[in-house]
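Enquirer: Following this message is one structure expressed as structure tokens.
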Amino acid sequence: MNRPLPRTYWCHADVDPAPPAEPPDDLVTTAPGQAVAWMRASVRRLTPRLDRDTFHRAWSCLGDHRSAEAAVKSPRRGQGYAYELPTPDRTWRWTAYPVSVLPLLPTDPPLRSHG
């Protein structure tokens, strides 16, 4: 029986130019709402390190709940969603892309019967 692969959302945060010590922030989820919530939480965690103007732009976006609700619709329709936040020295990007995933096989070797 052929069943469609489940839709999954790959979420990724990156920054250009990349700081030397910060690993990328990633998430894989099956819920588009959770993908957007992850993006918003990641932006919120960054805000204490932002300059005043960028901080206000970020909080303006975070305070726009209608925009967040609309953002969920893009991945649900099979489209990617991205938020970009330029700062004086870097550009931060958060993306969520719908992807199809294959079910994972067990990594343990098969058991052999004796006898």
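Enquirer: Determine the shape class of segment 42-89: with a ≥ b ≥ c the square roots of the Cα gyration tensor eigenvalues, call it rounded for a/c under 1.5, and otherwise prolate if a/b is greater than b/c, oblate otherwise. Display every interim value, and only then the final one.
Expert: Values: a/c = 2.92, a/b = 2.02, b/c = 1.45.
In terms of gyration-tensor shape, prolate.
Enquirer: Note down the net charge around Arg77, summing +1 for each Lys or Arg and -1 for each Asp or Glu among other residues with Cβ under 15 Å from its Cβ.
Expert: Net charge in that neighbourhood comes out at +2.
Enquirer: For a test of the definition: using alpha carbon positions, the gyration tensor, and the 1.5 limit on a/c, classify segment 11-82 as rounded, prolate or oblate.
Expert: oblate
Laboratory data are not the source of any read-out in this text; all were calculated from the coordinates shown. Since we're looking at a predicted model, the values are computed, not measured. All Cβ positions, even for glycine, are placed from backbone atoms using ideal geometry, and neighbour counts span all protein chains on display.
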